[in-house]
Amino acid sequence: MWQSREVRMDFVDKTALGVKRYFTTEGVHPYDELTWERRDARITNFLDGSIAFEQTDVESPQTWTQNATNIVAQKYFYGMPGEADREDSLRHLIDRVADTITRHGQREGYFIDDEEAENFNQELKHLLVNQKASFNSPVWFNIGAPDRAQQASACFILSVEDTMESILTWYQEEGMIFKGGSGSGVNLSKLRSSQEQLQSSAG
């Protein structure tokens, strides 16, 4: 369950969102308004027809295309294929992300009470399961995954100083950003041009 009692009440008056129901009805879960089925997710190599990815018995709404199911299963399901903690349903994926966001929102005082948090949670799940909205890939990769940094941004902008230490730190930071599924840009405006003098070295 997403509910958390660790609410920062000092923030509530300043940050509460005032979320009301628009797409959902109290007492009716968004998942229950859809027809679900089990299907195999399979991606083949277009060159020779060999199987590049396969996960059988994946639960998905009937309204989702086979291609959408294939992509979600291959790219976004948490856990190693074949292991017990591997996600095998779109419900698991959306619950992991939406419930984690709701917990953090409640903890940081974005909702007046549990009812508003529930409104947000159900509305978000409706939007996601009906493909009315979606998150970027890092959110699906990371949010709610127990062994991953909760990295949600799609792109980071790095700043580099005109020193060797800063340049090498740039490579390290960029590598960790890529590891989390995000991309990065870099501001190189502080680096000297190839026409400028370099400080002499001792080597």
Restricting to the chain, compute how many DSSP beta bridges are antiparallel as a %, nearest 5. 60
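If you put +1 on each Lys and Arg Cβ and -1 on each Asp and Glu Cβ, how big is the dipole of the stretch 9-142 around its Cα centre, in Debye rounded to 20? Numbers along the way, then the final one.
Values: 14 positive and 24 negative charges, 97 e Å.
So the magnitude is around 460 debye.
Among Ser189, Ser60, Ser89, which comes first, then next, by fewest other beta-carbon atoms within 10 Å? Please report the intermediate quantities before stating the final value.
Numbers: Ser189 8, Ser60 23, Ser89 17.
By the 10 Å Cβ count, ascending, the order reads Ser189, Ser89, Ser60.
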Give me His29, His92 sorted ascending by neighbouring Cβ count inside 10 Å, so fewest comes first. His29, His92
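I need the peptides 47-55, 103-111, 118-126 ranked by packing, meaning the mean over residues of other C-beta atoms within 10 angstrom, with the highest value on top.
Values: 47-55: 10.4, 103-111: 19.1, 118-126: 21.6.
Ranked by mean Cβ neighbours within 10 Å, highest first: 118-126, 103-111, 47-55.
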Calculated from DSSP H runs of 4 or more alone, at -39500 (n - 2.57) each and per residue, what is the 222 nm mean residue ellipticity of the chain, nearest 500? -11000 deg cm²/dmol
I need the phi-derived Karplus couplings for the stretch 183-190: 6.51 cos²θ - 1.76 cosθ + 1.60, θ = phi - 60°, integer Hz, Gly and Pro marked x. x, 8, x, 9, 9, 9, 5, 8
At 20 °C and a viscosity of 1.002 mPa s, what translational diffusion coefficient does Stokes-Einstein give for the stretch 70-122, taking Rh as the Kirkwood radius over Cα pairs? Give it in µm²/s as a whole number. 173
Just grab the label-to-label distance for Ser50 and Asn67, each label 7 Å out from Cα along the Cβ direction, in nm (one decimal). 2.5
Would you please calculate the Kirkwood hydrodynamic radius of the chain over all C-alpha pairs and express it in Å, rounded to one decimal? 20.2
Inter-label distance for His29 and Arg107, nm, one decimal - labels placed 7 Å from Cα along Cα-to-Cβ: 2.4
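All of the numbers you see were taken from the coordinates with simple rules; none came from a lab. Owing to the predicted nature of the structure, the values given are computational and were not obtained by experimental measurement. For neighbour counting, all protein chains shown are included, and Cβ atoms are generated from backbone atoms with ideal geometry for every residue, glycine included.
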